[in-house]
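Have a look at the structure below before the remarks.
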Amino acid sequence: MSDQKKDNAFDGERVSRCPFAPFIPPYPKPHKTKSSFFLRFFRGWHSWLHVLFEKSYSMRMGEIRQPGGSVFMVNEPKWVKHILVDEARAFPKHDLMHQLLEPLLGVSIFTTNGEVWERQRRLVDQAFAQARLQLVFPAMQESVAALLSRLDKVADGRDFEVDGEMTYVTADVMFRTILSETLAEVDAKSIYESFLQFQKHAQRASLLLMYHLWSWPVRFACQKPARKIRRILSEIISRRFEEVKQSGGTSKQDILSGLMEATDPVAGDRFTYKETVDQVCMLFLAGHETSASALAWSLYLLSHRPDLQERMREEIQEHTAGGDLSFSAIRKLRLTSNVFREALRLYPPVGFFVREAAQDSTIRDKIVPAGSPVLISPWLIQRHCDLWERPDEFDPDRFDSTDGKESSKCAYLPFSAGPRVCVGMAFATQEALLILSSIVRRYKIEPVKSHEPRPVGRVTVRSDNGICVRLKSTFSSL
Ligand code: HEM
């Protein structure tokens, strides 16, 4: 790591030395010092990002003492790798995640551990292999065509909230690729609103669970929105099970068929109906909410950099000559890819992961007793002032610089790492590149000066007051 980076302590030097209109997007101003126990609770009720203090962005490891035992926060790349990759079995997922997400995801690979997880991952990997990226690309293109026709109606320079539309298009991609169905507008709205409700209650429940306080009423409140989402999905799945029962098979070549047909090479069994519903709910949620968050932030960031949009259009033109954004053209869009990576760095949708020390361990010089929660936060690591130059600045070109390349090797983990790495990383990247390049090619994205997003940390990193931009047609390639 360069000396310059080591010297770049949190002192206002976190921001720009870039000569081209540097843009520092909003994030909650960290508190000067660590909050007291009660303040932490009060601030965290709304958003975990609002508990962070200045040192959080420069420390290598922290210990948060609270009733029932300490919580450990690990930022140092060497130890992050130890926990997520080298000794992953010694740091399984914490039960807190299961308790929080169970109403929505059931017993699915996102939260299980040990042999249950191993079997589920084997079956899900089989199903997912069927959805090879090239195979799902036409379904993604159909979702994007539908998105553009919706956006055309608002591309007259009016203030426009992008969060809902990004949730709609990513949920539609999931519907088409997992279930071979299109998503009705009424269901898209219901899913969007239900998940916002779920996030709000889940953030509060996580705090109560972390503090060993009585969480039942808040967890109960999570159940209603979760049931709404599960009902929409399970109706489709049960129709498919019925079809297979009646006719002995299905003509659909989607991820749901893959899940129903996958056979465990070890135990020789398949997912039951209930297990299939859980895995589909998990894939749907893990797959669309994260991508929607990353895309909405990407558009907001781009709205402040018309120069980048112009360069992206030139790059798109170079690789498509005004034709289709094809499967192979998407892979050549280096700048679009850097924009997406930078949005994931500044606003990682999954802002922290919770692991549990399976036995007493030593991390750096600290004893971490068995059962302790160990937090790893892409939000903090990707904005850490020892690990990134100008960590708060939006600068997609950093990924082509020597320093940026070095930082991204050790301090970039929006999709996690190790055996629990995101199943949908390549899928999500392909989807995002297609959506971003299609939007930038067709519209100029302008900021709404009177509306600054307020990032909050809940299940995903979202804006509390939405994300607004203005779209204006570029009149090209229409
Ligand atoms: C920008 C989009 C996405 C981001 C940032 C993202 C991020 C992540 C992260 C950080 C994890 C690990 C969480 C942890 O260790 O606690 C994860 C796990 C997972 N993701 Fe994604 N994800 C994205 C899109 C997707 C998509 C599109 C799918 C599927 C279609 C997907 C499916 C999964 C699954 C199944 C897991 C659980 C893996 C396991 O534990 O074995 N994700 N994702």
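The values are calculated or read from the model by the stated rules, or taken from the named source; none is laboratory data. For clarity, every value in this text was computed on a predicted model and none was experimentally measured. Cβ: placed from backbone, ideal geometry, glycine included. Neighbour counts: every protein chain shown.
Structure data summary
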{"item": "Candidates 219, 231, filtered to the one that is of a type outside the set (A, V, I, L, M), assigned to a helix (DSSP H, G or I), surrounded by fewer than 22 Cβ atoms within 10 Å (Cβ to Cβ) and modelled with pLDDT under 90", "result": "219"}
{"item": "Exclusive hit being polar (S, T, N, Q) and either on the phi > 0 side of the Ramachandran plot or out of contact with any helix residue (DSSP H, G or I) (no Cβ under 7 Å at 6 or more places or on another chain) (or both), set 251, 298, 234", "result": "251"}
{"item": "Filter pass, residue 398 being basic (Lys, Arg), assigned to a helix (DSSP H, G or I) and under 18 Å from the mean Cα position of the chain (by Cα)", "result": "no"}
{"item": "Those residues of region 235-247 which are in contact with a Phe, Trp or Tyr (Cβ under 9 Å, 6 or more places away or on another chain), of a type outside the set (Val, Ile, Thr) and either surrounded by 14 or more Cβ atoms within 10 Å (Cβ to Cβ) or without any contact (Cβ under 8 Å) to a residue 12 or more places away in the chain (or both), in sequence order", "result": "241"}
{"item": "Identity of the residue in region 408-431, assigned to a helix (DSSP H, G or I) and free of Cβ contacts under 8 Å to residues at least 24 places away in the same chain, that ends up nearest to the ligand (Cβ to nearest atom)", "result": "425"}
{"item": "Criterion (buried (at least 22 other Cβ atoms within 10 Å of the Cβ), under 19 Å from residue 169 (Cα atoms), within 16 Å of the ligand (Cβ to nearest atom) and not small (Gly, Ala, Ser)) met by exactly one of 276, 290", "result": "290"}
{"item": "Test: residue in region 379-389 that is hydrophobic (A, V, I, L, M, F, W, C), in contact with a helix residue (DSSP H, G or I) (Cβ under 9 Å, 6 or more places away or on another chain), within 25 Å of residue 163 (Cβ to Cβ) and surrounded by fewer than 21 Cβ atoms within 10 Å (Cβ to Cβ)", "result": "no"}
{"item": "Of residues in region 410-432 being farther than 15 Å from residue 337 by Cα and over 13 Å from the mean Cα position of the chain (by Cα), the one surrounded by the fewest Cβ atoms within 10 Å (Cβ to Cβ)", "result": "419"}
{"item": "Qualifying residue in region 245-258 (condition: modelled with pLDDT of 80 or more, in a helix (DSSP H, G or I), of a type outside the set (Gly, Ala, Ser) and farther than 15 Å from residue 282 by Cα)", "result": "yes"}
{"item": "Within region 83-180, helices (runs of 4 or more DSSP H) holding 1 or more residues that are away from the ligand (no atom under 15 Å from the Cβ)", "result": "95-105, 133-152, 162-174"}
{"item": "Only one of 265, 348 that is surrounded by 24 or more Cβ atoms within 10 Å (Cβ to Cβ) and assigned to a loop (DSSP other than H, G, I, E, B)", "result": "348"}
